[in-house]
1. Which Cα, out of Leu146, Ile66, Ala96, lies furthest along the positive dipole direction of the stretch 59-151 (beta carbon charges, K/R +1, D/E -1)?
2. Would you please give the FRET efficiency between Leu30 and Leu84, computed as 1/(1 + (r/R0)^6) with r the Cβ-Cβ distance and R0 = 22 Å, to the nearest 0.05?
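Derivation of every value follows stated rules applied to the coordinates shown; laboratory data play no part. None of the values given here were measured: they were computed from a predicted structure. Cβ coordinates were reconstructed from backbone atoms using ideal geometry, including for glycine residues, and neighbour counts include every protein chain displayed.
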Amino acid sequence: MKGMNRNRRQNRMKRPPSPPRWEKASGWPLRIGVLLLCFFLERCVLNRFPLWGGTPLLMPLAVAAIGFLEGTGPGAVCGLGAGLASALAMGSDGIALIWFDTAAGLVCGATLDKALGRTFPGYLLCALGTMLLWEGLQAVIHIFFLGDAASAVLALAGAEGVYSLVFAPVLYPVFRMLHDRFRSEPEF
């Protein structure tokens, strides 16, 4: 009897077995598929429905979600891929998106280690910061280097940023579901 109780105690104390490596990796094709879907929606569907002259940007929000949920490395790699896809679609106008999406994935991944955790308000804060930085960068380029009127550029940047953030509550649950189903790291 004594040996039987000891075995029960040891079985209770053991951690559940970790999933095999293929199960962990199988989430990445789905994440890439969702990124491609965001790319398609951004470039082929939503750009036909401008709101106050602005069209939404889903790729930076998707990269922010992946970086926020998965960490700095996966966020930067997905940002690089998303930036390359955007640059190929936009031509020379999209070259800045390569650097920006990579940096956005990296910075949003760094917030995972800080006090924000993996909550929706934390993601919303990262998404807001990503859009403010992108629209601010675009505004500086258009105002100071291209000589566009500041009032028109800032109105367009505000409309585009708000229109993009409307899609944040839709993107976060999708990437959160993929993260919960295919965890990249063990949680203790």
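1. Ile66
2. 0.65
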